[in-house]
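Down below is the structure, laid out as structure tokens.
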Amino acid sequence: METFWNTISAYNAATWPLQIALAALGALLTLLLCVRPSKAVRTGMKLYMALLNFWIAGVYYMIYCRPREYHDMLALFWAIMGCIWLYDLAAGHASLERTGRHSRFALLLFLMPAVYPLASLALGRTFPAITSPVMPCSVAVFTIGLMLAFSQRVNIVLAMFLCHWALIGLSKVYFFGIPEDYLLACSVVPALYVFFREYVRQIAAAPSKPSPRVLNALLAVLCLLVGTFFTLTLLHQFDLFAGL
Amino acid sequence: MKTQKELHEILDFIAEYATYLLGSGVHTSRVIRNSQRIGASQGVDIQLSSFQKSTILTARDETSGEVVTRVVRIPALPVSFERNSDLSALSWDALDERLPLEEIRRRFGGLTAKPRIDPIFVLLTVGLANASFCRLFGGDWTAVGIVFTATLVGFAAKQRMQAHGVNHYLVFIVAAFMASLCASAALRFDCTAQTALATSPLFLVPGVPLINGVIDIVEGHILIGFSRLINALLLIVCIAVGLSATLLMVKNSLL
Amino acid sequence: MIAADIFLDGLFAAVAAIGFGAISDPPMRAFPRIALLAAAGHALRFCLMNYAGIDIATGSLFAALTIGMGSLWLGRGVRCPMTVLYIPALLPMVPGIYAYKTVFSLIMFLQSLNDPGEGLQYMQQFFLNATVSLSVIILLAAGATLPIFVFNRRAFSLTRRKNPGR
């Protein structure tokens, strides 16, 4: 716990100008993608995402989070995600066309990186020991928003990676009491729900095995399970605070 | 009495049928019985012996005694139990209803064109399955959750790589590595991390070739049985390699 | 409490069998029976191991025999060959923890080549775990396959329509 906030302070204190630059670049690219989507912008966005993931792996985990246990595993995790973006670029998948669906929800997710520091401040923390826009969880939320707003076909491996990250976030809430991580879990679950609903609607046209009814039932069961997990974590969280 | 051309047509169809079954993970003696049943419905005696990559078939016209032989390559198809049941039922229908070859061929085309199981459905159910597997091994609920998402990552990676036609040994190594890497996140928390690590790559275990290999050996098709077992064993070695890559990184915290 | 344990064991085994079975694309109509067989088999092994003091290999053999007989009995109703029902149902009984420990002790043996005492200990663990996982897998496959040979006439005609010559 102590190490966790110490590493975050060191990271924020040393890199805040670069973080602001990265966040601004991200905002600019997102705007361009909305207003004037072209091939160059899409390529730029993918390169930017790869850069962002490598930044998290290299700068955040390998340099500033060295005191934490398992920083190398986490760095590897984010480096793999960066490689997936590069592969995506090389193979020309998930072409980042604007789909126009769920734009309000996606907008909410785009604003999340800005919400993170605010949430930290609201919880009574002070700079530099706050969650900032260029941190694993904020980047994960931003990626989800990007996939939701712009990709016709979601890169499923990447989506699953983020889903895994969200679950680790939830476990962090459960064990260490870092409520900011709720934000990620709360945005990933509805996003995945939207992905799967969309998918079920797409395949409903052709004969499929199993029928869309079974798929929807499976989705409902999953939602129920995830909901139970959430509730249990929340209750445990209250216990944690009550015990303090 | 059949003309040479008719005999060839029958043999060609049965060759396609038998290799399709062998490619879809059906054990050898069933393929032989099914093929002979279709042959019998056409008044032709079929003998067949199979290896891992190819099959030798001989058709003999029972009235004229004329013989035709072919060696056919076995296609690499995904395992499909639905094809197994449907095509076995087709062979019984052919015999019981004395179907003409044209009709059998038409039904075969219809059955093999049926949609395969939906990949996203498989992805989600495999995640749930591996999670409950973790529970069966005595993992706690945190470990169960982490195994669920780790399996989703590993299996999604496997599906995408297979769709892109990556070498399947490489697919198994990378998928096992990714799943166990994700599961190693459990080490940071106070939970049954060993169980999570152990369970995460188990969705890759090649159960169908393993059991088919044993069945083949017991039924006397020892050569192909061993080839199947060695195939399965190689895949298991690949899983072990992927898992060990993760274990080497985290071994100090497991002792 | 014991009943609840057994029930939960069967339930998780059923979910595991459905998921692992889905990889091999079985007909949708076979899923309920696969789940039932897996639950019965795994719960039986659970009982034998925990309440009757039988070892994992023998327990697996009995469970596999049950699953094999069950698939012979249930396969008729959905016109599926026995293997379609029993291969997915056997998968939840794969001895995963032993397999994992085999790999782990092999790695640790290779890491401790300079320390003969420690190396010996890991080698021993390696052989112990490898023997258990191998024998369990072989007994699982053999046990479920046995009914095919005993009742081969019935086993070979599960996919036949009941009323030939319609």
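The values are calculated or read from the model by the stated rules, or taken from the named source; none is laboratory data. This one's a predicted model, so the numbers in the text were calculated from it and none came from an experiment. Quick reminder, even Gly has a Cβ in these numbers, built from the backbone with ideal geometry, and neighbours come from all protein chains shown.
Brief remarks follow.
- Which listed residue is in contact (Cβ under 8 Å) with a residue 24 or more places away in the chain, farther than 27 Å from B:ASN231 by Cα and not assigned by TED's automatic domain parsing to the domain that holds B:ALA143, from B:ARG37, B:ARG106: B:ARG37
Residues are listed down the side, and each one gets a yes or a no for (1) part of a helix (DSSP H, G or I); (2) more than 19 Å from the chain's Cα centre (by Cα); (3) farther than 23 Å from B:ALA76 by Cα:
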residue	(1), (2), (3)
B:GLU9	yes, yes, yes
B:ASP12	yes, yes, no
B:GLU16	yes, no, no
B:THR19	yes, no, no
B:VAL31	yes, no, no
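- Evaluating C:ASP115 against the criteria (1) more than 8 Å from every other protein chain (Cβ to nearest Cβ); (2) more than 24 Å from B:ALA245 (Cβ to Cβ); (3) at pLDDT below 90 leaves one unmet condition, (2).
- Test for C:PHE7: is it assigned to a helix (DSSP H, G or I) and surrounded by 21 or more Cβ atoms within 10 Å (Cβ to Cβ): no
- Cβ pairs under 9 Å, 6+ apart, first in region B:204-227 and closer than 18 Å to B:VAL126 by Cβ and in contact (Cβ under 8 Å) with a residue 40 or more places away in the chain, second surrounded by 22 or more Cβ atoms within 10 Å (Cβ to Cβ) and aromatic (Phe, Trp, Tyr): B:LEU204/B:PHE155; B:LEU204/B:PHE172; B:VAL208/B:PHE81
- Put simply, of B:VAL31, B:VAL71 the only residue that is loosely packed, with under 14 Cβ neighbours inside 10 Å, within 30 Å of B:LEU210 (Cα to Cα), among the β-branched types (Val, Ile, Thr) and in contact (Cβ under 8 Å) with a residue 12 or more places away in the chain is B:VAL71.
- Those residues of region B:70-86 which are in contact with a helix residue (DSSP H, G or I) (Cβ under 8 Å, 6 or more places away or on another chain) and within 27 Å of B:THR3 (Cα to Cα), in sequence order: B:ARG70, B:VAL72, B:ARG73
- Applying the criterion of at least 2 residues that are surrounded by fewer than 19 Cβ atoms within 10 Å (Cβ to Cβ) and under 12 Å from the mean Cα position of the chain (by Cα) to the helices (runs of 4 or more DSSP H) found wholly in region C:29-146 leaves C:56-78.
- Checking each residue of region B:52-73 against the condition of being of a type in the set (A, V, I, L, M, F, W, C) and either in the same structural domain as B:VAL208 (by TED's automatic domain parsing) or not in a strand (DSSP E or B) (or both) gives no match.
- Within region B:145-169, considering residues that are surrounded by fewer than 23 Cβ atoms within 10 Å (Cβ to Cβ) and in contact (Cβ under 8 Å) with a residue 40 or more places away in the chain, the one farthest from the other protein chains (Cβ to nearest Cβ): B:TYR169
- Filter pass, B:ARG116 being in contact with an Asp or Glu (Cβ under 9 Å, 6 or more places away or on another chain) and either surrounded by fewer than 20 Cβ atoms within 10 Å (Cβ to Cβ) or not aliphatic (A, V, I, L, M) (or both): yes
- Residues satisfying the stated conditions in region B:119-140, i.e. surrounded by fewer than 20 Cβ atoms within 10 Å (Cβ to Cβ) and more than 8 Å from every other protein chain (Cβ to nearest Cβ): B:PRO119, B:GLY138, B:ASP140
- Residue in region B:95-113 that is within 25 Å of the chain's Cα centre (by Cα) and closer than 26 Å to A:LEU218 by Cα present: yes
- Out of A:VAL226, A:VAL194, sole residue that is within 11 Å of chain B (Cβ to nearest Cβ) and either without any contact (Cβ under 8 Å) to a residue 40 or more places away in the chain or within 29 Å of C:ALA22 (Cα to Cα) (or both): A:VAL226
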